[in-house]
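The values are calculated or read from the model by the stated rules, or taken from the named source; none is laboratory data. Since the structure is predicted, the reported quantities are computational estimates derived from the model, not experimental observations. Please note: Cβ atoms are built from the backbone with ideal geometry, for glycine as well, and neighbour counts cover all protein chains shown. Side chains included, ligands, DNA and RNA excluded: accessible areas come from the protein's heavy atoms. Shrake-Rupley method; radii C 1.70, N 1.55, O 1.52, S 1.80 Å.
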Amino acid sequence: MTAENSQTKWGQFIPLVTVFFFWGFVAASNDILIPVFQKAFHLTQSQSQWVSLAFYIAYTVGSLIYMGVSILIKKDLVNKIGYKNGLALGLCISAVGTLLFYPAANYGSFPLMLSGLFIVALGFSLQQTVANPLAIALGPISTGSQRLTLAGGINNFGTTIGPLIVSFAIFGSAGSSDISIESVKIPYLILGGAFLAVAIFLKLSPLPDRPALVEESKDEAGASRSSALKYPQLVLGMIAIFVYVGVEVSTASNLPAYMEKELGFALKDVAPYISLYWASMMIGRWTGAVEAFTDNVQVQKVLRFVAPYLAFGIFLGVNAIAKHDLAPFYVYGWIILVLIVADMLSKGNPARMLLIFATIGIVALLIGMFTTGMVSVYAITSVGLFCSTLWPCIFTLAVSGLGKNTSQGSSFLIMMIMGGGIMSWVQGYVSEFIGIQNSYIIGILCFAYLVFYAWKVSGILRAQGISFDKKISGGH
């Protein structure tokens, strides 16, 4: 690797993370739309989860379309049109989806609302296929997962403010309990305009169309295989992405129903806790990304404490602006210490981090299931902390060693984002029989598979001569 390529290309990385923000904003906003649609359209809990199902199944459909087009043109689509064009095209597709919110709100049509969300996510599918390996490529591979974690931190800034903005648009500053479906159309039309503006911005940015690390990977052990599906780390990683996104999304999307039905919260008062869940993702990702900034071990130790509380401060600040009572959230600062210790124990190794964080996720959900009141809410919310770095860990482990098959492997992984919709629906359906609180057993089963994957993939990659042990020095 040349001296130029040994450092993260921040001038290219910064415009890239704009799209990560949009993914988070829309995905977290769905958690506010779910209970709103449930009341407005008189849906059951499982029917309300069609919002998640429509949104996340679009990733699978998008990936299938991607593969179909690649077969027709006899070349990988992204390699054909370039990475910047792929991002711009994905943003334009998402913009088309936001236009459907206008007639859907005017006619009070739930199917049309779902169609709009589906098309928005269809564009996200292409964007994610491009952006995730691109984030890894913009710097040394040894810090690829940390760079992806940092991009995820920007994503979760979007997830932190998304529920608050959408809640404000629907309920208004006075916190009215009245629900108006028509009030969602203006925010989503504005969002569509933002999609188009960023598409133009990215086209003019210095992002590479064909980054060397993706397009010209060295043939590592087995890299000459004809299909990405011949790599066991990818196949098992596809299941890992499915259950990871499943537990991440289902935990949040079923939380409003638990707080409203079991704890007596008014629907309008749930938004800050949804915001806290997604802010927890931001807190964890900022913590896990410190190594992307510096090789200095002492500075990293300081940043591991500064970064999470800075992110937590952003959450408090945003909610203060929204005039929410901050008193219930201060205790959460102690829970963040658990995250910091877990991050230090992982030592930057993605397999070890996946093992530790998934195990703690199981413990958090068990506490959430077998306690009551705010203790259970904080326990369920803390799942966001321990889901925070799992995407970059799984993604990095799954595409390691794929060489020229990296973009194809990325498309397969993006396909499995459908787990977010399917597992949310499954938990919603199960809750109708055993209750919302007990239905979090679904999340525990998801985390259990992630523990298995962390153990299994370590051996697979070692056999291929791939190691993620720390390579810290004074500099590159």
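Restricting the first member to the range 181-196 and to residues that are in the same structural domain as F101 (by the TED database) and of a type in the set (D, E, K, R), and the second to residues that are modelled with pLDDT of 85 or more and crowded, with 17+ Cβ neighbours inside 10 Å, the beta-carbon pairs closer than 7 Å and six or more apart or on different chains are K185/F101; K185/Y102. Cβ-Cβ distance below 7 Å, separation of 6 or more or different chains: which pairs start in the range 321-336 with a residue that is open to solvent by 30 Å² or more (accessible area, probe 1.4 Å) and end on one that is at pLDDT 95 or above and assigned to a loop (DSSP other than H, G, I, E, B)? Taking only residues 6 or more apart or on different chains, the pairs are I335/S382. Those helices (runs of 4 or more DSSP H) of the range 326-382 in which at least 2 residues are at pLDDT 95 or above and in contact with a Cys (Cβ under 8 Å, 6 or more places away or on another chain), considering only elements entirely within it, cover 350-370.
What about Y244, is it open to solvent by less than 10 Å² (accessible area, probe 1.4 Å) and either touching a Phe, Trp or Tyr at 6+ places or on another chain (Cβ under 9 Å) or not acidic (D, E) (or both)? Yes. Note on the range 105-133: among residues that are among the small types (G, A, S) and surrounded by 24 or more Cβ atoms within 10 Å (Cβ to Cβ), the one that is farthest from C393 (Cα to Cα) is G116. One residue stands out in the range 403-459 among those that are open to solvent by less than 10 Å² (accessible area, probe 1.4 Å) and of a type in the set (F, W, Y): the one that is farthest from Q233 (Cα to Cα), namely Y440. Taking every residue in the range 218-246 that is closer than 17 Å to A463 by Cβ and pairing it with any residue that is hydroxyl-bearing (S, T, Y) and at pLDDT below 75, at least 6 positions away or on another chain, the pairs with Cβ-Cβ distances below 7 Å are A223/S217. S388 passes every criterion in (1) touching a helix residue (DSSP H, G or I) at 6+ places or on another chain (Cβ under 6 Å); (2) modelled with pLDDT of 95 or more; (3) closer than 23 Å to P272 by Cα apart from (2). Screening S52, S63, S48 for residues that are at pLDDT 80 or above, assigned by the TED database to the domain that holds G86, more than 19 Å from M113 (Cβ to Cβ) and open to solvent by less than 10 Å² (accessible area, probe 1.4 Å) leaves exactly one candidate, S63.
Restricted to the range 209-267, and to residues there that are among the charged types (D, E, K, R) and part of a loop (DSSP other than H, G, I, E, B), the residue that is modelled with the highest pLDDT is E262.
Among the residues of the range 433-450, is there at least one that is assigned to a helix (DSSP H, G or I), modelled with pLDDT of 95 or more, in contact with a Lys or Arg (Cβ under 8 Å, 6 or more places away or on another chain) and more than 20 Å from Y56 (Cβ to Cβ)? No, that holds for no residue. Scanning the range 34-81 for residues that are of a type in the set (D, E, K, R) and part of a helix (DSSP H, G or I) returns K39, K80.
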